[in-house]
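A short worksheet on the structure shown next.
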Amino acid sequence: MEAEHYFPSPSLCSTRWWSKETVAVVTGGNKGIGYALVKQFAELGLSVVLTARDYHKGQAALQALEAHGLANHLHFLLLDVSDPLSIKHFASSFQAKFGPTLDILVNNAGVSFNELDGNTVEYAKTVMDTNFYGPKLLIEALLPLFRCSSSSSVSRVLNISSRLGSLHKLRNKKMREMLERGELGEEEIEGMVKRFLGDVKSGRWENEGWPLQWTDYAVSKLALNAYSRQLAKKQTRLSVNCFCPGFTKTAMTRGKGAHTADHAAALAATLALLPPSHLPTGRFFLLSRNTITTTTTITSKL
Ligand SMILES: NC(=O)c1ccc[n+]([C@@H]2O[C@H](COP(=O)([O-])OP(=O)(O)OC[C@H]3O[C@@H](n4cnc5c(N)ncnc54)[C@H](OP(=O)(O)O)[C@@H]3O)[C@@H](O)[C@H]2O)c1
């Protein structure tokens, strides 16, 4: 499937369907793209739950945003997405505070332990737990808490992913064919992740056709993309899309990048806030050279 250029028209972007009653959760909201996104959601008038794995970092981010006069739109809850118990506690705390009113979940928290031109798999398990299992388990825990879709509002998940997880980066032909199959099961996606971790453990990973650049990170995002496509097919009440913000100046890139976190977050906010009538599902959006491109199936060649 060919990639197509996509940019929501200004009228779509200004169609305001949300209000202060609209509840958004952003993971990894204490810095980088997550922080910028929390700020923009709050400035646009939504109620935002800033989450962070570290209480003090979360509080510091909250205070910085409150200094911008956004206190009325902000809440804070602790959440370490790599820890299933923390996800469970978060879901209970969310339910106790808000009930089943979740409108928008942005799975933004992510890690890479690679230098820009390096490739280490030393922390491959942490990378999988954070970038793949984290969003997956969080979505599953929050499914009952999404507000039911209606014509005026559609619950949505935006997974912040990466073009490094594009299917064509995978050189193992059998695995690529498996991922391309329409009826892919969750067990097969998890099977791929387990196989990768097994290859890392046995030291075989360099010869098994895994992506060459930021290998563990790329596999984690590939799995996230594939899972998002499956979920989008299964869930009729939810829109599920992925977004690659492109090379963005954050801690993950040691401050290098083509644009700021604010710029990436503005586009993420636009995609997360598309009006219900124009909200796609199962899409992979990619920001590149200031243009958003999209493919119809998440794991297509970009
Ligand atoms: N920057 C880029 O060029 C780029 C390109 C493509 C995709 N992305 C994606 O964009 C997303 C945001 O990254 P960023 O560039 O903004 O990086 P960043 O500045 O390093 O921010 C990452 C955020 O994720 C949080 N986090 C990490 N592990 C976590 C965990 N286990 N539980 C909860 N939060 C956790 C971090 O918290 P701490 O402060 O506690 O570490 C931080 O708030 C990631 O998913 C990344 O893969 C970034």
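Just so you know, all these numbers are worked out from the coordinates, no wet-lab data involved. In this text, all values refer to a predicted model and were calculated from it rather than measured experimentally. Heads up, the Cβs are rebuilt from the backbone with ideal geometry, glycines too, and the neighbour counts pull from every protein chain shown.
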Query raised in the report: Are any residues in region 224-251 within 14 Å of the ligand (Cβ to nearest atom), more than 12 Å from the chain's Cα centre (by Cα) and either crowded, with 22+ Cβ neighbours inside 10 Å or under 19 Å from residue 177 (Cα atoms) (or both), and if so, which ones?
Result: 248
Query raised in the report: Out of curiosity, is residue 106 within 16 Å of the ligand (Cβ to nearest atom), on the phi < 0 side of the Ramachandran plot and assigned to a helix (DSSP H, G or I)?
Result: no
**Report entry** Per-region count, region 113-156, residues closer than 21 Å to residue 253 by Cα, among the hydrophobic types (A, V, I, L, M, F, W, C) and buried (at least 21 other Cβ atoms within 10 Å of the Cβ)
**Finding:** 5
Report summary line: Taking region 90-103 and the residues there that are of a type in the set (Gly, Ala, Ser) and within 15 Å of the ligand (Cβ to nearest atom), the one that is nearest to residue 256 (Cα to Cα) would be 91
Report summary line: Over region 133-169, the set of residues in a loop (DSSP other than H, G, I, E, B), farther than 18 Å from residue 267 by Cβ and of a type in the set (S, T, N, Q) is 149, 151, 152, 166
Query raised in the report: Which ones in region 120-161 are among the hydroxyl-bearing types (Ser, Thr, Tyr) and under 26 Å from residue 236 (Cβ atoms)?
Result: 133, 149, 150, 151, 152, 153, 155, 161
Query raised in the report: Hey, any hits in region 126-134 for a residue that's under 20 Å from the mean Cα position of the chain (by Cα), more than 14 Å from the ligand (Cβ to nearest atom) and over 19 Å from residue 36 (Cα atoms)?
Result: no
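Would you check if there is a residue in region 83-93 being closer than 20 Å to residue 156 by Cβ, crowded, with 16+ Cβ neighbours inside 10 Å and in contact with a helix residue (DSSP H, G or I) (Cβ under 7 Å, 6 or more places away or on another chain)?
Looking through region 83-93, at least one residue is closer than 20 Å to residue 156 by Cβ, crowded, with 16+ Cβ neighbours inside 10 Å and in contact with a helix residue (DSSP H, G or I) (Cβ under 7 Å, 6 or more places away or on another chain).
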